[in-house]
Amino acid sequence: MNDEIRQIISAHARLPVDVNSLSDDADLYEAGMTSHASVNVMLGLEDHFDIEFPDHMLKRSVFESIGAIASALNELRSEAAV
């Protein structure tokens, strides 16, 4: 899943660095992602994974790292399976 997240970040976050050079817990905002770009990343994730982020997940911490995004996606998948 992390590779898919990296592809989406690469396509939508407009980072000045190669996303593949970042660790899973690297802060994407410190790496150069803007708030506007994070919305594009969220929309890309929703399209790719066929999910929708609920309002309580629409906060900076959910999108601040690849690991945080993966955790949120796993949570959404668990909720959908119930």
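Nothing in this text is a laboratory measurement; each read-out follows from the coordinates by a stated rule. It should be emphasised that the depicted structure is a prediction, and the values quoted were computed from it without experimental measurement.
Along region 42-50 the Karplus relation, 6.51 cos²θ - 1.76 cosθ + 1.60 evaluated at θ = phi - 60°, assigns HN-Hα couplings of 4, 5, x, 5, 4, 5, 5, 9, 6 Hz to successive residues, with x for each Gly and Pro. Per-residue Karplus couplings for region 34-39, computed as 6.51 cos²θ - 1.76 cosθ + 1.60 with θ equal to phi - 60°, are listed in order as 8, 4, 4, 5, 5, 5 Hz, Gly and Pro entered as x.
Summed over qualifying helices (DSSP H, 4 residues or more, each -39500 (n - 2.57)) and divided by its residue number, the chain shows a 222 nm mean residue ellipticity of -16500 deg cm²/dmol. Backbone phi angles across region 18-26, fed through the Karplus curve with coefficients 6.51, -1.76 and 1.60 (θ = phi - 60°), yield HN-Hα couplings of 6, 4, 6, 8, 9, 6, 5, 9, 5 Hz in residue order; Gly and Pro are listed as x. Using only the alpha-carbon atoms, how far is helix 66-81 inclined from the longest principal axis of the chain? Give it as 0 to 90 degrees, nearest 10. Between helix and principal axis, roughly 10 degrees.
State the percent of C-alpha pairs, over all pairs in the chain, separated by a distance greater than 19 angstrom. Can you show the working numbers first?
Values: 884 of 3321 pairs.
Here the tail beyond 19 Å accounts for 27 percent of pairs.
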